[in-house]
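A short write-up of the structure that comes next.
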Amino acid sequence: MKKNMVKTLALAGMAVLTMGALAGCGSNTTESTAAPTTAQSEAEATTAGTSSAETTTAAPAASADLKGSISMVGSTSMEKFATALSEIFMEKYPNVTVQAEFVGSGAGVEAVNNGSADIGNSSRDLKDEEKANGIAENIVAIDGIAVVVDPANAVENLTKDQLTSIYNGTITNWKDAGGADQPIVVIGRESGSGTRSAFEEILDVADACKYSNELDSTGAVMAKVASTPGSIGYVSLDVLDDTVKTLKLDGTEATADNIKAGTYFLSRPFVMATKGEISEQNDLVKALFDYIYSDEGTELVKSVGLIPTN
């Protein structure tokens with residue numbers, strides 16, 4: 001009787017161990033076939049009150065899956081945005097390198113067209129012939145173009161007609177635009193610049209501008225205008241500082257709110273062009289655009305003085 005009871009208890013114990021092992025195998029199978037995404041892990045951790053240490057442990061594992069390099073080439077006007085984007089994206093994904101080169105919008109579109117860059121940064125709308133080559137126009141932000149003069153200039157405002165006349169050479173002295181008797185030094189960007197293309201297209205002065213100097217970067221325009229009496233130039237809204245004086249146009253200040261309202265007429269898109277749609281790009285490029293169009297990316301756009309598209 002005693003032997004039978006011992007035997008029965010032994011068999012019961014083996015059954016319990018077998019069931020536990022099977023349950024453990026089932027649990028492991030579920031985890032390996034339905035591993036949660038990083039976002040899901042973070043959300044579940046927050047909901048369930050999981051410690052921050054546990055949440056942090058899960059994030060690097062997901063980030064480690066994204067590795068490689070992204071190359072961007074193009075607009076100098078987009079340098080501030082592209083640099084900030086590159087730095088924060090590489091912080092988010094430590095195994096990813098983002099390389100950015102600033103050589104002008106035309107060169108950026110050509111680089112993405114010939115396959116030497118993943119992304120072509122353009123501070124203007126793409127041309128029909130560029131789109132015909134399969135280049136996708138991905139607008140990531142809206143930028144205003146500010147008209148600046150040297151700080152000593154007494155002029156506060158220009159009408160669109162006055163600005164057009166200055167750049168096409170009809171008005172050559174500030175006295176004819178409400179200022180002092182002083183020659184106007186017309187500063188602009190080099191051929192191929194997205195800022196120049198957008199500026200000339202909006203004013204309908206393409207191939208008609210009478211430039212005193214054509215400079216190859218936004219920073220160079222700012223420096224030249226700041227140091228040259230009687231000068232006038234155009235720059236991206238996000239680089240403005242107190243080294244120059246920003247003019248009102250048609251009585252309207254160059255601000256993000258006025259651009260959103262449509263009352264300031266000099267504005268243009270910031271485009272990150274790709275060969276084919278975003279959905280056709282590699283995982284790294286798709287992840288970069290996912291970030292740009294996220295809430296966090298929207299805040300980044302605002303932080304560098306640009307206007308989000310969403």
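Things to note:
- Qualifying position, being open to solvent by 10 Å² or more (accessible area, probe 1.4 Å), outside any loop (DSSP other than H, G, I, E, B), under 30 Å from residue 185 (Cα atoms) and not basic (Lys, Arg), among 100, 152, 107: 107
- Condition check for residue 140: open to solvent by less than 10 Å² (accessible area, probe 1.4 Å) and farther than 29 Å from residue 249 by Cβ: no
- So residue 129, is it of a type in the set (D, E, K, R) and under 27 Å from residue 306 (Cα atoms): no
- For the range 219-236, a tally of residues being over 10 Å from residue 148 (Cα atoms) and open to solvent by 10 Å² or more (accessible area, probe 1.4 Å) returns 7.
- Residue in the range 172-181 that is in a loop (DSSP other than H, G, I, E, B), more than 20 Å from the chain's Cα centre (by Cα) and closer than 22 Å to residue 220 by Cβ present: no
- Enumerated strands (runs of 3 or more DSSP E) restricted to the range 212-310, each holding at least 2 residues that are among the hydrophobic types (A, V, I, L, M, F, W, C): 231-236, 267-275
- Cross-chain or 6+ apart pairs with Cβ under 9 Å, the range 64-89 first and free of Cβ contacts under 8 Å to residues at least 40 places away in the same chain and closer than 18 Å to residue 239 by Cβ, then basic (Lys, Arg) and part of a helix (DSSP H, G or I): none
- Selection count, the range 288-302, where residues are within 13 Å of residue 270 (Cβ to Cβ) and β-branched (Val, Ile, Thr): 2
- Test for residue 125: is it among the charged types (D, E, K, R) and assigned to a strand (DSSP E or B): no
- The set of residues in the range 66-97 being assigned to a strand (DSSP E or B) and either more than 15 Å from the chain's Cα centre (by Cα) or of a type in the set (Val, Ile, Thr) (or both) consists of 68, 69, 70, 73, 96, 97.
- Members of the range 243-256 found to be in contact (Cβ under 8 Å) with a residue 24 or more places away in the chain and either open to solvent by 60 Å² or more (accessible area, probe 1.4 Å) or not hydrophobic (A, V, I, L, M, F, W, C) (or both), listed by number: 243, 245, 246, 248, 250, 251, 255
- Between 87, 79, the distinction of being open to solvent by 20 Å² or more (accessible area, probe 1.4 Å) and out of contact with any helix residue (DSSP H, G or I) (no Cβ under 8 Å at 6 or more places or on another chain) belongs to 87 only.
- With respect to the conditions (1) modelled with pLDDT of 95 or more; (2) open to solvent by less than 70 Å² (accessible area, probe 1.4 Å); (3) closer than 16 Å to residue 138 by Cα, residue 264 lacks only one, and its number is (3).
- Odd one out for residue 92, checked against (1) surrounded by fewer than 14 Cβ atoms within 10 Å (Cβ to Cβ); (2) among the charged types (D, E, K, R); (3) touching a residue at least 60 places away in the same chain (Cβ under 8 Å): (1)
- The residue of the range 267-310 that is modelled with the highest pLDDT, among those that are farther than 21 Å from residue 79 by Cβ and touching a Ser or Thr at 6+ places or on another chain (Cβ under 7 Å), is 281.
The values are calculated or read from the model by the stated rules, or taken from the named source; none is laboratory data. The structure presented is a predicted model; accordingly, all values stated were derived computationally and were not measured. Glycine gets a Cβ as well: all are built from the backbone with ideal geometry, and neighbour counts include every protein chain shown. Areas reflect the complete protein model, heavy atoms only, side chains present, ligands, DNA and RNA absent. Shrake-Rupley method; radii C 1.70, N 1.55, O 1.52, S 1.80 Å.
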